[in-house]
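*Asks:* Below you will find the structure I want to go over with you.
The values are calculated or read from the model by the stated rules, or taken from the named source; none is laboratory data. Here the structure is a predicted model, which means the values were calculated and not measured. Cβ sites come from the backbone with ideal geometry, for glycine too, and all protein chains shown count toward neighbours. All accessible areas refer to the heavy atoms of the entire protein, side chains included, with ligands and DNA or RNA removed. Shrake-Rupley method; radii C 1.70, N 1.55, O 1.52, S 1.80 Å.
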Amino acid sequence: MDHTFWLSIGIGLVAGLRSMTAPASVAWGARLGRLGLSGTPLAILNSLPAVVLLTVFAIGELVADKLPFTPKRTALVPVLARIATGAFSAVAIAMSHGRSLGINGVSGGLAAIAGSFAGYEIRRRLVSAFATKDFM
């Protein structure tokens with residue numbers, strides 16, 4: 001297992017915690033030259049409009065998560081969204097390194113599931129341990 005696999009796991013965990021932070025991070029990495037996506041089907045992530053749009057989505061998600069009608073992160077639709085963004089972001093990382101898209105995409109999606117449930121459980125336990133209101 002090379003570093004690309006572990007990066008895919010890491011970005012999947014990020015997607016599990018905040019679904020839009022993962023693709024925004026990948027777009028920033030591409031834009032700053034840390035991920036070589038030029039000449040690939042995901043080259044659009046190098047563009048300034050993609051970076052701006054995904055960053056706005058990530059910030060919007062932070063705001064939307066505070067609204068009372070936002071579903072729990074462990075509900076079906078949010079988990080599916082986290083799987084999708086985790087897998088997509090992991091595929092972009094794999095593509096930039098010329099590695100297996102399938103293995104890394106599946107790893108990113110599975111890590112997003114783990115991140116969703118682990119993040120929820122850790123937050124729930126912290127709120128309980130500190131007897132505080134869950135403001136996140």
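*Asks:* Compute the acute angle (0 to 90°) between the alpha-carbon long axis of helix 101-129 and the principal axis of greatest extent of the alpha-carbon atoms of the chain; round to the nearest 10°.
*Replies:* So the helix axis and the longest Cα principal axis differ by about 20 degrees.
*Asks:* Same structure again: Subtracting the Cα-Cα distance from 0.36 nm times the residue separation, let me have the gained length for Ile59 to Leu32 in nm, one decimal.
*Replies:* 7.8 nm
*Asks:* So how tilted is helix 21-31 from the main axis of the chain? Cα-based, degrees 0 to 90, rounded to 10.
*Replies:* Between helix and principal axis, roughly 30 degrees.
*Asks:* Same structure, new question: Rounded to the nearest 0.05, what FRET efficiency do Thr74 and Thr132 have when you use their Cβ-Cβ distance and R0 = 22 Å?
*Replies:* With R0 = 22 Å, the Cβ-Cβ based efficiency is 0.60.
*Asks:* While we're looking at this one, here's another question. Ordering Glu61, Glu121 by accessible area with a probe of 1.4 Å, largest first, what comes out?
*Replies:* Most to least solvent-accessible, the answer reads Glu121, Glu61.
*Asks:* Now for a different question. Express the accessible area of segment 60-101 per residue in Å², computed with a 1.4 Å probe while the remaining protein chains stay in the model.
*Replies:* 53
*Asks:* List the chymotrypsin sites (Phe, Trp or Tyr not before Pro) in segment 57-136 that DSSP assigns to loop (not H, G, I, E or B) and whose Cβ has at most 13 other Cβ atoms within 10 Å. Which are they?
*Replies:* Passing sites in segment 57-136 are Phe69, Phe130, Phe135.
*Asks:* Quick one: pull the percent of accessible area on segment 1-99 belonging to carbon and sulfur, 1.4 Å probe, ligands and nucleic acids left out.
*Replies:* Exposed carbon and sulfur together represent 76 percent of the surface.
*Asks:* As a check on your grasp of the helix formula, calculate [θ] at 222 nm for the chain: sum -39500 (n - 2.57) over DSSP H runs of n ≥ 4, divide by the residue count, round to the nearest 500.
*Replies:* Computed ellipticity for the chain at 222 nm equals -23500 deg cm²/dmol.
*Asks:* Counting Lys and Arg as +1 and Asp and Glu as -1, each charge on the Cβ, what is the dipole of the chain about the Cα centre in debye, to the nearest 20? Show your work: numbers first, answer last.
*Replies:* Values: 12 positive and 5 negative charges, 56 e Å.
Using only the charged Cβ atoms, the result is roughly 260 debye.
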